[in-house]
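The values are calculated or read from the model by the stated rules, or taken from the named source; none is laboratory data. Model, not experiment: these values are computed from the prediction. Heads up, the Cβs are rebuilt from the backbone with ideal geometry, glycines too, and the neighbour counts pull from every protein chain shown. Protein only, heavy atoms only, side chains kept; ligands, DNA and RNA dropped before computing areas. Shrake-Rupley method; radii C 1.70, N 1.55, O 1.52, S 1.80 Å.
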Amino acid sequence: MIPLEDIAYLKEGSALQQRAYRVLVRHKILSLLEGFTPVLAGTIPIGVALENSDLDVLCCWKSSKDFTECLEKYFGAYPGFRLRQVFKKGRETVIADFMADGVSVEIFGQQIPVVEQEAYIHRIAEEYLLKEKGEGFRNAVLKLKKEGLKTEPAFGVLLEMESDPYDTLLEYGKKIRNIEQEK
């Protein structure tokens, strides 16, 4: 599995991963969010990002007020900064979007541990499947994404999932996470 807290592996990765690393380090994004257990999720860490893919940073907060203040303080002056407070599946969620060196960044925070957030669990499932299925499968995911599909639906098509790919990958990721935690 790709290390979740340490982003050093990005330095040696694809051009998109190297760009992500430079942006994260130059703008100190993860270190400024240190009190909120930030973890890079999404398609960049697992190598199925497109040129316009954003950096997805997951966080856990105890106080939405403290989290929003942190986001506004450190990222509020960035181009395109937008802060939203919404409910996702009944959970209060804070999302900040902005641009850093031409790269779209999304910081997503909920009051639950990052390892319990859906995007984190999807990352685990997708990473595992990509490793298991090999480079041909990765290329097929990228092809479908270039044709306009989102990541989870692309997995769903390739794996011939009969039910909602978001839910199916979530359940699969929970099983993988539990197995990994027992090791």
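In a residue-by-residue description of the stretch 79-101, the property of being hydroxyl-bearing (Ser, Thr, Tyr) and either more than 13 Å from the chain's Cα centre (by Cα) or more than 26 Å from VAL141 (Cβ to Cβ) (or both) applies to at least one position.
Scanning the stretch 2-51 for residues that are open to solvent by less than 30 Å² (accessible area, probe 1.4 Å), among the β-branched types (Val, Ile, Thr) and closer than 22 Å to GLU72 by Cα turns up VAL23, ILE29, VAL39.
Counting only residues that are over 13 Å from HIS27 (Cα atoms) and either part of a strand (DSSP E or B) or of a type in the set (Ser, Thr, Tyr) (or both), the stretch 67-87 holds 7 of them. For the stretch 52-84, filtered to residues that are open to solvent by 50 Å² or more (accessible area, probe 1.4 Å) and either out of contact with any strand residue (DSSP E or B) (no Cβ under 7 Å at 6 or more places or on another chain) or at pLDDT below 95 (or both), the residue that is nearest to LEU33 (Cα to Cα) is TYR74.
Within the stretch 158-170, which residues are part of a loop (DSSP other than H, G, I, E, B), open to solvent by less than 60 Å² (accessible area, probe 1.4 Å) and without any contact (Cβ under 8 Å) to a residue 24 or more places away in the chain?
Selection gives MET161 alone.
The residues in the stretch 124-157 that are part of a helix (DSSP H, G or I), of a type outside the set (Lys, Arg) and open to solvent by 60 Å² or more (accessible area, probe 1.4 Å) can be counted, and the count is 5.
Filter the stretch 137-183 down to the residues that are in contact with a helix residue (DSSP H, G or I) (Cβ under 9 Å, 6 or more places away or on another chain) and small (Gly, Ala, Ser), then identify the one that is nearest to GLU127 (Cα to Cα). So, considering only residues that are in contact with a helix residue (DSSP H, G or I) (Cβ under 9 Å, 6 or more places away or on another chain) and small (Gly, Ala, Ser), the one nearest to GLU127 (Cα to Cα) is GLY173.
The residues on offer are GLY134, GLY109, GLY173, GLY90, and the sole one that is out of contact with any Gly (no Cβ under 6 Å at 6 or more places or on another chain), over 20 Å from ASN52 (Cα atoms) and in contact (Cβ under 8 Å) with a residue 60 or more places away in the chain is GLY109. Does the stretch 100-121 contain at least one residue that is surrounded by 14 or more Cβ atoms within 10 Å (Cβ to Cβ), part of a helix (DSSP H, G or I) and not aliphatic (A, V, I, L, M)? Looking through the stretch 100-121, at least one residue is surrounded by 14 or more Cβ atoms within 10 Å (Cβ to Cβ), part of a helix (DSSP H, G or I) and not aliphatic (A, V, I, L, M).
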